[in-house]
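Encoded as structure tokens, the structure appears first; notes follow it.
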């Protein structure tokens with residue numbers, strides 16, 4: 001007579017069987033890229049995500065600005081006049097509400113970080129034709145998004161011979177991450193290869209669309225951030241051929257107007273308030289030295305989401 005298996009053996013066999021079935025039925029890694037939803041004339045919103053089967057969870061929020069749409073005007077943080085340094089910091093929601101914009105994202109790196117106050121900006125900043133911060137000759141801030149008054153946008157590198165002639169709006173970042181639709185190779189550094197919250201600007205191949213993109217990070221179980229290579233891939237998924245990494249980390253914020261107030265589209269990860277700042281709330285925003293914003297007209301009737 002064959003003896004009955006002991007209970008622990010049966011349990012182990014059952015657990016192993018369940019694990020094998022789960023492994024066979026496990027869904028493949030999924031990256032979601034949502035459809036464009038009209039917000040204002042010339043401004044659309046979309047969201048993307050990567051699930052836990054990808055290298056890391058990522059939540060992406062994007063605004064697409066049609067530079068050929070009627071009523072579009074671009075704007076960045078103006079100089080602070082006679083105050084010290086170059087600008088006076090504010091959160092993205094404060095920036096949008098104070099200037100009555102329809103959309104905004106954080107832009108240049110700045111110092112000192114991270115409490116409110118007067119700031120120096122890293123690299124070129126131009127607001128309505130006025131140079132707020134001079135172009136960097138090299139290093140941090142030497143990669144820039146420049147836009148002319150007639151809304152021709154380009155991503156360029158500044159240097160000793162750079163001249164801001166004809167530039168109406170400009171902000172600077174750290175790295176050109178996407179060029180001609182391909183991620184740009186770079187020397188590996190902790191800043192570039194460690195997942196962080198990211199902010200970026202992108203331009204479509206025909207120059208018609210300007211993308212403002214954020215990837216949330218430092219929030220386990222929700223979104224863990226991105227490397228610069230991953231940032232480039234997200235820009236490309238949403239239609240960019242050129243891409244620039246802006247200030248990120250706790251500075252990352254994307255906002256829109258709604259009912260005369262600013263509404264966060266992403267979940268900022270931190271401010272000078274520490275534990276008092278719950279991610280995704282206004283209190284979680286950092287007071288940044290520079291922002292990039294968009295004026296647009298109210299949404300016309302009859303517009304529908306653009307299907308991919």
remark   = Going through the range 219-253 in order, the residues found to be part of a loop (DSSP other than H, G, I, E, B) and more than 19 Å from residue 91 (Cα to Cα) are 220, 221, 222, 224, 225, 227, 238, 239, 240, 241
inquiry  = So residue 206 ticks every box in (1) in contact with a strand residue (DSSP E or B) (Cβ under 8 Å, 6 or more places away or on another chain); (2) over 18 Å from residue 141 (Cβ atoms); (3) in a loop (DSSP other than H, G, I, E, B) but one. Which box is left unticked?
reply    = (1)
query = Is it the case that residue 124 is more than 24 Å from residue 264 (Cα to Cα) and crowded, with 22+ Cβ neighbours inside 10 Å?
reply = yes
message = Residues to consider are 132, 144; find the one that is surrounded by 23 or more Cβ atoms within 10 Å (Cβ to Cβ) and either in contact with a helix residue (DSSP H, G or I) (Cβ under 9 Å, 6 or more places away or on another chain) or in a strand (DSSP E or B) (or both).
response = 144
note = Being in contact (Cβ under 8 Å) with a residue 40 or more places away in the chain and touching a strand residue (DSSP E or B) at 6+ places or on another chain (Cβ under 7 Å) narrows 127, 115 down to just 127
task = Kindly indicate whether any position in the range 81-94 is assigned to a loop (DSSP other than H, G, I, E, B), touching a helix residue (DSSP H, G or I) at 6+ places or on another chain (Cβ under 9 Å), touching a residue at least 12 places away in the same chain (Cβ under 8 Å) and surrounded by fewer than 24 Cβ atoms within 10 Å (Cβ to Cβ).
result = no
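Table: residues versus (1) closer than 27 Å to residue 57 by Cβ; (2) part of a loop (DSSP other than H, G, I, E, B); (3) more than 11 Å from the chain's Cα centre (by Cα); (4) touching a residue at least 40 places away in the same chain (Cβ under 8 Å).
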position	(1), (2), (3), (4)
160	no, yes, yes, no
169	no, no, yes, yes
172	no, no, yes, yes
185	yes, yes, yes, no
199	yes, no, no, yes
note = Counting only residues in the range 109-129 that are within 16 Å of residue 285 (Cβ to Cβ) and in a loop (DSSP other than H, G, I, E, B), the one farthest from the chain's Cα centre (by Cα) is identified as 117
request  = Could you grab me the full set of residues in the range 147-158 that are buried (at least 16 other Cβ atoms within 10 Å of the Cβ) and either in a loop (DSSP other than H, G, I, E, B) or modelled with pLDDT under 95 (or both)?
outcome  = 151, 158
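The values are calculated or read from the model by the stated rules, or taken from the named source; none is laboratory data. From a predicted model like this one, the values you see are computed outputs, not experimental measurements. Note: ideal-geometry Cβ built from the backbone for every residue, glycine included; neighbour counts use all protein chains shown.
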